[in-house]
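Please read the structure below before turning to the comments.
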Amino acid sequence: MPQVGLFEMRRLEMLSNTIFGVAMTLLAYDLPKAGSFKNAPGWIDLLNVYAQPVIALMISFIVAGMFWFSHHRRLAVAPEGSRGVVFLNLLFLLSIIILPVTNGLYGGYRLDGVVAVLYGIHLTTIATLNALLWILALRGRSDAALLVTALFPVLVCLIGTAVASVSPAVAQFAWCLAFLAPFAGWLAGRRAG
């Protein structure tokens with residue numbers, strides 16, 4: 001039974017599963033269709049048409065999966081939340097819903113500086129909202145591993161977005177470093193323990 005004025009995050013978990021599932025499925029919506037070719041394509045044709053969108057899809061899908069996992073861990077750590085925490089969670093979920101839009105743009109124009117920076121800003125927004133929610137979930141607790149795991153992607157996304165403004169082709173590799181967040185958290189936990 002939740003405390004008075006607190007919301008059971010279990011209900012939010014059901015909504016979030018649907019949102020993540022739909023958003024992750026819609027990432028494939030902008031992939032080129034077979035009708036993009038007049039004749040049967042060769043390997044080079046396939047590479048030219050599919051390389052950018054598939055790279056964007058893979059990055060976005062893994063990012064969404066990483067934040068889905070983090071979201072569920074956070075809800076387990078803090079099974080109840082205030083109205084403000086619920087609204088912040090809804091804002092976080094909104095940032096996930098928008099991912100197919102920026103993914104489609106990034107998949108089409110991945111090497112364009114403006115588009116890469118916009119995509120990076122979106123990834124940074126998702127990471128920042130996730131980190132804020134973790135900070136709120138860990139209030140009053142001392143858990144360096146979870147805190148570093150939540151904050152590390154924000155730093156990586158900020159660096160990746162700065163790199164995107166100079167070299168969009170390199171930014172995609174910088175953003176992938178966010179997947180080292182569990183390792184960074186593990187290191188922080190070992191140092192704290």
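What follows is calculated from the coordinates using simple rules that are stated; it is not laboratory data. Note that this is a predicted model, so its numbers are computed, not measured. Here Cβ is always computed from backbone atoms with ideal geometry, including for glycine, and neighbour counts include all displayed protein chains.
Mean projection of the Cα convex hull over all viewing directions, computed for region 98-193: 6.1 nm². Whole-Hz Karplus values for region 154-164 come out as 5, 4, 5, 5, 4, 5, x, 5, 4, 5, 4 Hz, taken residue by residue from phi with 6.51 cos²θ - 1.76 cosθ + 1.60 and θ = phi - 60°; glycine and proline positions read x. Neighbour counting of Cβ atoms within 10 Å sorts the residues C176, C157, fewest neighbours leading, into C176, C157. Each stretch of four or more DSSP H residues adds -39500 (n - 2.57); spread over every residue of the chain, this sum gives -26000 deg cm²/dmol at 222 nm. One quarter of the surface of the convex hull around the alpha-carbon atoms of the chain equals 12.4 nm², the direction-averaged projected area.
Here's the picture: a label point sits 7 Å out from the Cα of F183 along the beta-carbon direction, and within region 118-151 the residues with their amide nitrogen under 19 Å of it are 145-151. The phi torsions of region 52-66, fed into the Karplus equation with coefficients 6.51, -1.76 and 1.60 and a -60° offset, translate into couplings of 4, x, 6, 4, 4, 4, 5, 4, 5, 5, 5, 4, 4, x, 4 Hz, rounded to whole numbers, with Gly and Pro shown as x.
Considering only V54, V77, V117, the Gaussian network model of the chain with Cα springs below 10 Å gives its largest mean-square fluctuation to V77.
Take every Cα pair under 8 Å whose residues are at least 6 apart in sequence, average their separation, divide by the length of the chain, and the relative contact order is 23 percent. Under 5 Å between amide hydrogens, built in the peptide plane, is the criterion, and for F7 it picks out G81, S82 among residues at least 5 positions away or on other chains. Exposed loop positions in the chain were taken to be trypsin sites (Lys or Arg not before Pro) whose DSSP state is not H, G, I, E or B and which have at most 11 other beta-carbon atoms within 10 angstrom. Between these positions, the longest stretch is 39-138. Of the residues M9, M58, the one with the fewest other Cβ atoms within 10 Å heads the list, and the complete ranking is M58, M9. Using R0 = 35 Å, the C-beta based FRET efficiency linking R139 and W43 works out to 0.05.
Remark: region 139-152, residue by residue, has Karplus-estimated 3J(HN,Hα) of 3, x, 10, 10, 9, 4, 4, 5, 5, 5, 4, 7, 7, 4 Hz, where x stands for each Gly or Pro and the curve is 6.51 cos²θ - 1.76 cosθ + 1.60 at θ = phi - 60°.
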